[in-house]
Structures are given as C-alpha cells and as structure tokens.
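This report concerns only the one structure given below.
The values are calculated or read from the model by the stated rules, or taken from the named source; none is laboratory data. In this text the structure is predicted, and so the values were computed from the model without any measurement. With ideal geometry, Cβ positions are generated from the backbone for all residues, glycine too; neighbour counts draw on all protein chains shown.
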Amino acid sequence: MSTSAHGPQPEQTSTLLLIDGHSLAYRAFYALPTDNFRTATGQYTNAVYGFTSMLINVLGAEAPTHVAVAFDVSRESFRQTEYAEYKAGRAKTPPEFAGQVDLVQEVLEAMNISVVTKDGYEADDVLATMATQAAEAGLSVLVMSGDRDCLQLSNDKITVLYPKKGVSEMARMTPDAIEDKYGVSPENYRGLAALVGESADNLPGVPGVGPKTAAKWIAKYEGLDGVIAHIDEIGGKVGESLRENINNVLRNQRLNKLLTDVVLPVEIADTERRAPSREAVHQLFDALEFRVLRDRLFADSGPDESTAEAFTVETERHGPDGLAAWLQGIGTPAGLAVSGTWRHGSGDIDLLAIAPAAGTVDADAGNEQPRVGVIDPSALDTEAENALANWLADADVPKVMHDAKGPSQALAARGLPLRGLTCDTELAAYLLHPDQRTYKLDDLVMRYLGRTIEIDESDDGQLSLDLDGDAAADTALGSNAAGVRDLAKALDGELEKIGAAGLLTDLELPIQRVLAGMETAGIAVDSDRIARLEDMFSDAAERAADAAYETIGRQVNLGSPKQLQVVLFDELDMPKTKRTKTGYTTDADALTDLFAKTEHPFLAHLLDYRDNIRLKQTVEGLRKAVSDDGRVHTSYQQTVAATGRLSSTDPNLQNIPVRTTAGRQIREVFVVGKDSGGRAYESLLTADYSQIEMRIMAHLSGDDGLQAAFRAGEDLHNFVGARVFHVDEADVSAEMRSKVKAMSYGLAYGLSAFGLSRQLKISVDEAGGLRDEYFARFGGVRDYLQDVVEQARRTGYTETIKGRRRYLPDLTSSNRQRRDMAERAALNAPIQGSAADIMKLAMLGVDEGLRHGELGSRMLLQVHDEVIIEVASGEADAVEELVRDKMANAYSLDVPLDVNVGHGKSWHEAAH
DNA sequence: CGCATAACGTA
DNA sequence: CGTACGTTATGCGC
C-alpha cells in the first residue's frame, strides 16, 4: 500500500475492536422500528440492520486492524450458579427478535469477522479477557457493548464504545469520560454499580441509593472497600438502608466483576481483520434487502475496497482509415460495448467500443494496456464497414459482451450480425446466482473484480451516450468494454468451478441467439379481430357492472377491493372471507364461495365483470403492443426466473388465456403472417410436451410405478388413480382422477395436506390419507422428494439434469416461514428447471434443424412447454417431423418424452 | 410520481 | 398453508 498525502494516515499501533454481539443487536432492535425492516418473506431485520450499520460505521471510523465479536452461547453462566435469580424475571425475548441473532452471525461470517463464544461464560467475560490480553500485548482496544459492566475495563489502552441514542451515535467512554459522567474512576465503577444495583440483571442494590449518592460515598471513602470499612459512620436513612442491604452489595460486586482469565479458543492474532467475502455479502444482503448497507460497506470500508480502482481506459476513435488493419491485429477475446437503442427485436446503434484482450500490445504505442477502439459505424466508408461487418460476423473471433441480445439485434438491424460470442457476462452471472434481481455490469465489475466502472445508463438500462466525438462518452463506453472483457474472464473461472461452463456455452448463449431471432420475427395478429374483441369484452364488462350496481342500488368501483369490502361485509353483511394483509379477500374463489352461501346476484355480476374487464385489458394490451409491421414482438427475459425458465414481457405472451372459451378467443387473434418480403407463410404449428414435469419427476425419482405409467403410454392420472384408489383403471371416476392429478402436481410444488384439502375442498384427514395412499404406491417419489431437500440443505443448492444450480440458503433459516418456502422451492426447482433445460435444448435442435435443412419456417414463441412455429409454404410435414424429433429427443430421460403437434391458421386453431 | 397490494392470467 | 412468472388498477404517501 502506498502512502498518500490524503486520507487517514496508517495506524501506528494495531487496534483490536471487540463487540458484544447480542447486546448490540438487542440495542438495535429497540432503536429501530420492526415494521420498517421486513423482507418480502416476512423476516424482521431491524436488529440485523442496526447492528450491521453500527459495525460498518465503527469499522470506517476506527479502522481497526483486528476485530472480534463475542456472543453468549447459552443463558447459563457461572453467575446463575452463584445466584440463581441472576437475570431472572427478564421479559421474554420478543418474537420479532428471535432469529435475528442468527442472521447477525451470518453477516459476520460473510464479512469474515471472527465470532468468539465460550460455554458457561457471558460475552462480556470473553471481551474482558481478550481486551486484557490485547492491551498487555500493546494493542489499543475498543470494546463496543451496550452493557455498562464493560465500563470497568476502561483504561489508557482500552476504550469502551457505548451506544447513545439510536444506532449511529457512540459514546467514547475513556477513563476521563467515565469520571465525568459517573464521578468515579473505571476501577471504582464496579463499586458504584454494586451499590446502585442493576434491575436488568435482577440484581437489587441499596434502596434509596442512586448513582449520585454512590459516587459521593466512593469518592469520600476512596472506593467501595472504604465505604464498607466505614459502613457504621454513614448516617441517615440511606446509611440504614446500606447496612440492611450490604449482602446485596457484596453479591453484586462479586457478580459484576468481568473475568479476565477465560480460556479462549482464539488468539488475538486470529482476529486480524480480513476483507469481506464479496460473494457471501452480496448473497446475504440481497436476501436481507440491505441495499444501502451494501453500498456503504463496499463504498468506504475494507482493506480491499479502499483500493478499488476505476477502470481508466484510453480510447481512440477509428474512422474509415486503418480500421481494417486495427481489427486484424487486436487480441481476443475482445470486450464489446454498444450504445444505442433497442426494443421489440430491433434497434439502432450509435457507437461501438472494442477492448482488445489485455496483455496484447498496441502496435503503435507499445502500451501494456491496449487502447479501446471506439467506432461510429455511420462514419465509415463501405470498405471499412465491410471490415467491421466481417470481424463482427466471424465466429472464430472470440468476443464477450454484457446483455448482448438487444445490442445484437440493433447491430443486425444495421446489417452487422454478431457471431463468436464466447461469454455474455449477464448470462454468466445469472448461471452463478440465478435469483438475483439484477445483473448490472457496474455491480458485477465491483463484485467480481473489486473495481468501479463508469456507467451512463438511461432508465431502460441501455447505454445512450452523446455522439460527435464526445470524449466522456467514448471513455464511458470504453470502460464498459474493458470491464466486460475482464469480467468475462472472472465469471468463466467461477462457472468452471461449479461445472457450469457448458451451460453457458452450449445452452444459454446459443439460446440467446434463438430468442433474438424470435423477438425480431414477432407474431402476426389480426388487428380487426383485436378491435372487435376489445369492444365485445368492454361491452360485456359494462353490462355486468350496470347489473351489479342495480342489485345494490348504487355505483361502486368494482375494481377496488377496498370498496368491495365495504359493500360485501358492511352493507350486505356477508360472512367474512379469508384475511389479507389489509382486510378480507374478494378474490374469485372467495366470491364463488360467498355466492354459494348467499346467492346474492351482486356476486354473480361482479364475477362476470371481473372476467370481462380482465379479458378486455388483455386485448387492449395486445392492441397497444402491435408494431407497424402488424406483428407483436415480445421480449424474452433470460435472467429473471430463478429456475432457468424464460419469461416474457412487453407484452407477456406467456399468459394469454386458454382455459375458458371466452379467453381462447384471444388466441384466435394470433395468426399466420407474411415474411418481411411479403411472402405469406402457410400456417402456425404448435408443439407442446405432454406432462413434462411429471415425466421428469418419474425420471429423477426412479419410481418404478410412475415410470411404468409413462412407458405404458396410458393416461397418467387414470393410471395413478387406479392404484391410489385400488380400483380397475376402467373404474377411475372423474373425481378420483382430478384428485390424484392435483396430488401429483401438488407434490412437485411442495403442497401440504392442508393446502391439498383446501384446493380439493376435502378434509385435511382425507387429503393426508390420499397422500399416504399415493406414497404407499409410489414410494420412490416420497424418497426422492425427501432426498432433494436433504441434499439441498447439505450442499446449499439444488441442481437440474443439466447442472443448473439454485442456491437456497433459507433451508437452514431459523425462521419457519422462510425455511418452508425454501423447502418448497427446493422441491420444485429441479423439476421446473430440468423442464426448462429440456425445452431450451429442444429449441436449439429445432433452430439448427431449420437452418440446416434450409427451411424457411421460423420459431416465434415459447410458452414453457410449448413452441409456436410459423410454417413456410410446403414445409408443414417436414417441420412437424423435425419438431417431433428434436423435442422428443432433446434429452434422454428414463421415460419417453411425448410431444403433441397441431397446425392451424391461428394459435387457437393450431392448438387443436 | 413511485411504491405496495390485491387480483389473475399462463406453465 | 403449492412452484415459477408479468400486468393491471387502486390507493397511499412523497
């Protein structure tokens, strides 16, 4: 580390920071409101937050070289042995506090701070021992505790930090400060405390004697021993009281002495400060929703962070002259960054930055760090543009980018298709941690490289920088290119470590290209049909609303659950439904129940209104999403779903209604269209996997019965129903079938007997009996499900058939709700995620097959277990054969994969 | 205007 | 008190 004229001077002596973990967490708990500190999962975090905040503050302010945090390991210590009433009668720990100490310890672990405990002793004794040892070894010591007993430790080497108000202010209790505040020296503080007593510890002192009187006596007789020696000279009522309660005082004095000779499992040297574990902190702070704290931690503390350097890059503009030669000579993999705009599968670019691989030498300058080239494609002549196009399209020139799908579409729109992408740092980061909310480049560069990066993001996350040789824009874009180049290396290494490099290279990167093509293609819609449907649903909604108003004699906003609750539960006095956070639910299930009970027509009209207004909104959304080419171009999100599924936005085409006849009409507006040259396609083809998740369950569990069902090729739920209910398959009733169907799928979601009973409207006993019967016949399923959770708890993650991980740290949470949620996620993630893997493999096969067979048909949509293809004229049979083959053989399970295919002029028609 | 909530569509 | 998503309107608070 180099010395600098600026900033704090390096400490001449080492400083040990010692913290009483439980005491400070408890302080924080009462200093901050519980309500404002709750995660989405309901975990209270106010104590964790306050503790962590104080910790970060003190680390920044005091810059200690050694840090340790002590915790009480149990409620029993030698003090209870001596005085059974010690700390008795304390209020029970508030439930909101429970579990937060565990989280504090997780924070400390992530920050690489030593935690010290010792059975049979209190944290204060541990602190006192360590403080004394360290002071003897010549360190200066800070003891941070909310327990006033620690004040006795204060001396010229040891300072006590005592929390004042809130979590941000600390009093530095040096010997002078203690003298000022209490009128006694630190050595005499124990005596004062013994006289006064400590109600929190259930240690009564001398009634009538407060800190003032006690200090006066101690000063006069030079300590508590002197007070006791002259006990008969003290007059008045308080003197009487002292003599009556002298045994209290003597006991208090024995108990409030902190031990300095505890045998500890650590040496001072073991507590040397280490940099936080970047990964662990991110993961934990994400879970705790500590965004600001994370920024504070990484902004101003830690030996590692303080040296964080910005990417400083030198850029050079490449115009028409010499671009071709420069591209020829640069080292790879090169980092690419693009500024421009992109959405709906198209776009345009302003600038392109290319950061050659580090270590390659600039031909002209001989720089160790090669300069980043910045190119304005619109400023090139034909020859230079061709050189750029060839370089970008060359699959043998390795390139890395961040979130390449949009930029690649913008480049393609300009006639600059991109090939040779060996890493997309967003996809790589997603594979490493699929449940992060965002994967912004600057965050990842900070997280994996410990460096800052200049970023200029517009609200849609796209880089949009000034044109015309703005040097700042070039530098910003250039540092992005350099950042992504170096980040890719780090992420590739991390992926290798967990055996997931192939997932990036062979699955996510190629599927990104396929998705880019699907987005650009879009799907044709019948705009007239959209308009008619919108009117129809709108009219129906209006009629339903009027009818509803009629029944209650006034108008209300039927879209407002709050107003509906007034009508239903106050005015109509209906029985209360299930509680929500803010009142009583008015969801469709509850309204249907209410209607069965009351037969009030308002409910029927309200449900009718809901259905129609919702359909109207869906259609309206589609109408507004139609592009000039008469098609709807959705966006596929590849890094959102923690299981590995895709998601679809703007508009979401993965939740177009299908269950009701009215809803299915919406699928009729998605129709076969024309290509960009105006040539009509022949039809739409839909292909979907039948029961893929249950097949994966059969495969993963190895259950003989379930596998036999699929090999026999018969109706799964009928097969299962016959065995669960001990009847012939011909005698499985519709009711039995629907019960086992719900059971089967419920298992893959971690459904409880209670949940199953509620869904099927049967008793909990019956639901439990159903589950027992199920497991009696399909024991492999039960064993598998137990095993999945057990293994995930042990390793910390679940895995799909392709090795896609999902980390579930909450499996070991002390919070039951969080733990249960994590268990259900653990049950489902391998199943849902493996299905996603298989579908991605199938899409790659189909895409490759279409290109290899030089077919003009193209994939348009994916809806988790279904793909929709626009079939070029004369290709229907060939495409069907291809799709059946690629989907059925995408991955070899122990049971066959069954694929349904349909053709039609519309999505609805094709689904038949 | 941003945010949380309730509701509801899909696999 | 069943997983995974995205969108909408309402209503609150800044």
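Checking the structure you have, find out if any residue of the stretch A:557-580 is more than 13 Å from DNA strand B (Cβ to nearest atom) and buried (at least 17 other Cβ atoms within 10 Å of the Cβ). There is at least one residue in the stretch A:557-580 that is more than 13 Å from DNA strand B (Cβ to nearest atom) and buried (at least 17 other Cβ atoms within 10 Å of the Cβ). Going by the conditions given, is A:Gly553 modelled with pLDDT of 95 or more and either in contact with a helix residue (DSSP H, G or I) (Cβ under 8 Å, 6 or more places away or on another chain) or aromatic (Phe, Trp, Tyr) (or both)? Against the criterion (modelled with pLDDT of 95 or more and either in contact with a helix residue (DSSP H, G or I) (Cβ under 8 Å, 6 or more places away or on another chain) or aromatic (Phe, Trp, Tyr) (or both)), A:Gly553 does not qualify.
The number of residues in the stretch A:870-902 being in a strand (DSSP E or B) and within 16 Å of DNA strand B (Cβ to nearest atom) comes to 4. Scanning the stretch A:170-199 for residues that are within 18 Å of A:Met144 (Cβ to Cβ) and of a type outside the set (D, E, K, R) returns A:Met170, A:Ala171, A:Met173, A:Thr174, A:Pro175, A:Ala177, A:Ile178, A:Pro186, A:Tyr189. Within the stretch A:744-790, track down each residue that is of a type outside the set (S, T, N, Q) and within 16 Å of DNA strand B (Cβ to nearest atom). Passing the criteria: A:Tyr745, A:Gly746, A:Leu747, A:Ala748, A:Tyr749, A:Gly750, A:Leu751, A:Gly755, A:Leu756, A:Arg758. Residues in the stretch A:776-819 that are of a type in the set (D, E, K, R) and either outside the structural domain of A:Asp704 (by TED's automatic domain parsing) or within 17 Å of A:Asp703 (Cα to Cα) (or both): A:Arg777, A:Arg782, A:Asp783, A:Asp787. Taking the stretch A:230-288 as the region of interest, the helices (runs of 4 or more DSSP H) fully inside it that hold 3 or more residues being surrounded by 13 or more Cβ atoms within 10 Å (Cβ to Cβ) and touching a residue at least 60 places away in the same chain (Cβ under 8 Å) are A:246-255, A:278-288. Of the residues screened, A:Ser627 is not one that is within 35 Å of the chain's Cα centre (by Cα) and crowded, with 18+ Cβ neighbours inside 10 Å. Only one of the listed residues (A:Leu568, A:Leu491) is assigned by TED's automatic domain parsing to the domain that holds A:Ala337 and either assigned to a helix (DSSP H, G or I) or within 27 Å of A:Val846 (Cα to Cα) (or both). That residue is A:Leu491. For A:Val514, indicate whether it is β-branched (Val, Ile, Thr), more than 15 Å from A:Arg804 (Cα to Cα) and crowded, with 24+ Cβ neighbours inside 10 Å. Taking the combined requirement at face value, the residue does not satisfy it. Could we say that A:Tyr189 is over 29 Å from A:Met130 (Cα atoms), among the hydroxyl-bearing types (Ser, Thr, Tyr) and not assigned by TED's automatic domain parsing to the domain that holds A:Tyr86 here? No. Quick one: is A:Ser752 closer than 28 Å to A:Thr812 by Cβ, at pLDDT below 95 and surrounded by fewer than 17 Cβ atoms within 10 Å (Cβ to Cβ)? Against the criterion (closer than 28 Å to A:Thr812 by Cβ, at pLDDT below 95 and surrounded by fewer than 17 Cβ atoms within 10 Å (Cβ to Cβ)), A:Ser752 qualifies. Taking the criterion of being under 47 Å from the mean Cα position of the chain (by Cα) and assigned to a helix (DSSP H, G or I), the residues of the stretch A:182-204 that qualify are A:Ser199, A:Ala200, A:Asp201. Would you confirm, using the coordinates I've provided, whether A:Asp593 is surrounded by fewer than 18 Cβ atoms within 10 Å (Cβ to Cβ) and away from DNA strand B (no atom under 13 Å from the Cβ)? Taking the combined requirement at face value, the residue does not satisfy it.
The set of residues from the stretch A:641-681 being surrounded by fewer than 19 Cβ atoms within 10 Å (Cβ to Cβ), of a type in the set (D, E, K, R) and within 16 Å of DNA strand C (Cβ to nearest atom) comprises A:Asp650, A:Arg659.
Scanning the stretch A:578-597 for residues that are of a type in the set (S, T, N, Q) and away from DNA strand C (no atom under 13 Å from the Cβ) gives a single hit, A:Thr592. The residue pairs whose first member lies in the stretch A:649-660 and is without any contact (Cβ under 8 Å) to a residue 60 or more places away in the chain, whose second member is near DNA strand B (Cβ under 6 Å from one of its atoms), and whose beta carbons are closer than 7 Å, counting only pairs six or more residues apart or on different chains, are A:Pro657/A:Gly663.
Residues considered: A:Thr39, A:Thr34, A:Thr52. Of these, the only one that is closer than 14 Å to A:Phe290 by Cα, within 16 Å of DNA strand B (Cβ to nearest atom) and of a type in the set (Val, Ile, Thr) is A:Thr39.
For (1) in the same structural domain as A:Ala825 (by TED's automatic domain parsing); (2) away from DNA strand B (no atom under 12 Å from the Cβ); (3) at negative phi; (4) modelled with pLDDT under 95, each residue gets a yes or a no:
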{"site": "A:Arg623", "(1), (2), (3), (4)": "no, yes, yes, no"}
{"site": "A:Val626", "(1), (2), (3), (4)": "no, yes, yes, no"}
{"site": "A:Ala641", "(1), (2), (3), (4)": "no, no, yes, no"}
{"site": "A:Gly644", "(1), (2), (3), (4)": "no, yes, no, no"}
{"site": "A:Thr649", "(1), (2), (3), (4)": "no, no, yes, no"}
{"site": "A:Gln654", "(1), (2), (3), (4)": "no, no, yes, no"}
{"site": "A:Val669", "(1), (2), (3), (4)": "no, yes, yes, no"}
{"site": "A:Gly673", "(1), (2), (3), (4)": "no, yes, yes, no"}
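The residues on offer are A:Leu684, A:Leu615, and the sole one that is buried (at least 21 other Cβ atoms within 10 Å of the Cβ) and more than 35 Å from the chain's Cα centre (by Cα) is A:Leu684. Filter the stretch A:799-837 for residues that are modelled with pLDDT of 95 or more and away from DNA strand C (no atom under 16 Å from the Cβ); which is farthest from A:Ala428 (Cα to Cα)? It comes out as A:Ile801. Restricting to the stretch A:586-604, count the residues that are touching a Lys or Arg at 6+ places or on another chain (Cβ under 9 Å) and assigned to a helix (DSSP H, G or I). Looking only at that region, the number is 4.
For A:Val632, indicate whether it is more than 10 Å from DNA strand C (Cβ to nearest atom), surrounded by fewer than 20 Cβ atoms within 10 Å (Cβ to Cβ) and not charged (D, E, K, R).
no
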